[in-house]
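> Following this message is one structure expressed as structure tokens.
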Amino acid sequence: MASRKKADEDKLKRRRLARFRFKHLVHVVICNRYWITEIEDREIGNNVTRNVAVIDRRLTHKGTLTIIEKKILNSPPEARTKEHRRALRTVLRKLECLQELTADQLEDLAACATFEYFGPGRVVLREGHHPNAVYFLANGEITVSRLRWDSIYLRHNDTPCGTRTRGQMFGEIALLHDCPRTATCTTATDCELLCLGRTDFDRILKHTLLERWRQLQLALERFDYFKYWTNDQVRECCLLSRIVAFEPQQKLPVDGDAQYTYFVLSGQCMILQCLTVAKVNGTSAYRLVPIATNESSTDKQTSTGEGDDPTQSIEHRFIDVGTFSCGSVFGLGEPMPHRMVVARNRVQCLVIPRGWLFEKQQNVGNTWQRIRMKLDMTIQRERLFDLFVRDQHWQRYRKALVRDFVRQNPRQNATQLADVPIMCRVEQGEI
């Protein structure tokens, strides 16, 4: 009787253990369904061993991390080999917020960072809670919100105030300043995160981020635009902005799809305007060619025979029309037709996202629109063309005057134009 009772108990334990393992397996599948869907259905069958082999062989991934890299991040730090850390360093270097770190810092991060996945609508950080980790967004989008007091309904509302996208970091403010969480971070899509605990953060990143934070605050203090900003605005700006250096003759990305505003901290940038002019053959007359803003306007010019007129030739003239020096601001969305900004010497700029800068809190009195209007009014193609024509008249008059003087007074030496240093000829417009 006792043996039968014991056998029933053992059978019940095995059933419970099997049920527990099945529930655990279902939970693992649900948590990893995001990347499991990457495998095509036709490759998945009833053979579990084969399915695992297919997944392991394909190494498919969404975003920054592959399945094998997620497996490494989920392993204990002491189990990560040198090859594992080297593979993780390559991944970490791809994240925008970690590109300025040293090789030793990346090595330390590769040894202790962990992987976490959150589905849409999950709260990662809660405003007012105690901080214990910082997160790096490998894939997905995070919505940042803060509690705002509603004086009408007499309650706090969770108001969105920003987003974080792939390659950005969040959750570091509370760890840097040893305070409760300053905002709530909620996943807007499927998100893959790298997590770094508070102890490891203090050891690896805190000193570097504090120094970067101090430099950004000093940069903001140099501009009167930010003098009346609140501490929250300054903190948010330090999170989103960065300091970028440009080498001499390097073009700044302010045209096309650029979404950043530039505040010059040091150095000078020149504004180059390309004027497309048509010169009538046999004469010295020029005509300004309109900018073809799209393909239809270009086709229209061709159909009218304007582009194939044999009596005129098209020329492109680059004119240095101005300089952005220390304290200047540009990249506010001003139109840049046939225009570019190039560094004269080594330039350092404070770069701030334009969309955030144009939000109501940072754009009191439409400050940035007024600056953009001033830039638009300062540089006008028609006015530049008039100056170009006047300069051409002056060049022709000067050359004719020199030629007449030389003809009346022949040269007493054999100096040729090629003997003049090229920089002097550039200054005098001979090239």
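The values are calculated or read from the model by the stated rules, or taken from the named source; none is laboratory data. Remember, it's a predicted structure, so these values are computed and weren't measured experimentally. All Cβ positions, glycine included, derive from the backbone under ideal geometry; neighbour counts span all protein chains shown. The protein model used for the area step is the full one, side chains on, heavy atoms only, and it has no ligands, DNA or RNA in it. Shrake-Rupley method; radii C 1.70, N 1.55, O 1.52, S 1.80 Å.
> Please determine whether any residue of segment 205-223 is modelled with pLDDT under 85 and open to solvent by less than 20 Å² (accessible area, probe 1.4 Å).
No.
> Residues that are free of Cβ contacts under 8 Å to residues at least 24 places away in the same chain, open to solvent by 70 Å² or more (accessible area, probe 1.4 Å) and over 30 Å from T159 (Cα atoms): does segment 367-374 have at least one?
Scanning segment 367-374 turns up at least one residue that is free of Cβ contacts under 8 Å to residues at least 24 places away in the same chain, open to solvent by 70 Å² or more (accessible area, probe 1.4 Å) and over 30 Å from T159 (Cα atoms).
The rows are residues; the columns are (1) of a type in the set (G, A, S); (2) more than 26 Å from Q362 (Cβ to Cβ); (3) in a loop (DSSP other than H, G, I, E, B).
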position	(1), (2), (3)
V134	no, no, no
L137	no, no, no
W149	no, no, no
G162	yes, no, no
E192	no, yes, no
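> Let me ask another. Regarding G128, is this residue open to solvent by less than 20 Å² (accessible area, probe 1.4 Å) and assigned by the TED database to the domain that holds T163?
The answer is no for G128.
> Is there a residue being aliphatic (A, V, I, L, M), open to solvent by 10 Å² or more (accessible area, probe 1.4 Å) and more than 18 Å from C237 (Cα to Cα) anywhere in segment 181-188?
Looking through segment 181-188, at least one residue is aliphatic (A, V, I, L, M), open to solvent by 10 Å² or more (accessible area, probe 1.4 Å) and more than 18 Å from C237 (Cα to Cα).
> Residue pairs, Cβ under 7 Å, 6 or more apart or interchain, first in segment 198-226 and on the phi < 0 side of the Ramachandran plot, second surrounded by 15 or more Cβ atoms within 10 Å (Cβ to Cβ) and among the aromatic types (F, W, Y). List them.
Close Cβ pairs (under 7 Å, with a partner that is surrounded by 15 or more Cβ atoms within 10 Å (Cβ to Cβ) and among the aromatic types (F, W, Y)) amount to L220/F226; F223/F263.
> Tell me, which residue of segment 233-265 that is in a helix (DSSP H, G or I) and free of Cβ contacts under 8 Å to residues at least 40 places away in the same chain is farthest from I352 (Cα to Cα)?
Checking each candidate, the answer is V234.
> Just to confirm my filter: which helices (runs of 4 or more DSSP H) fall fully inside segment 1-107 and include at least 3 residues that are modelled with pLDDT of 80 or more and open to solvent by 40 Å² or more (accessible area, probe 1.4 Å)?
Here the list reads 2-31, 67-74, 82-94.
> Give V402, V420 a once-over and let me know the one that is at pLDDT below 85, open to solvent by 60 Å² or more (accessible area, probe 1.4 Å) and out of contact with any strand residue (DSSP E or B) (no Cβ under 7 Å at 6 or more places or on another chain).
V402
> Pick from D150, D232, D158: which is modelled with pLDDT under 90, closer than 19 Å to R122 by Cβ and not assigned by the TED database to the domain that holds W368?
Values: D150 fails: closer than 19 Å to R122 by Cβ; D232 fails: closer than 19 Å to R122 by Cβ.
Result of the check over D150, D232, D158: D158.
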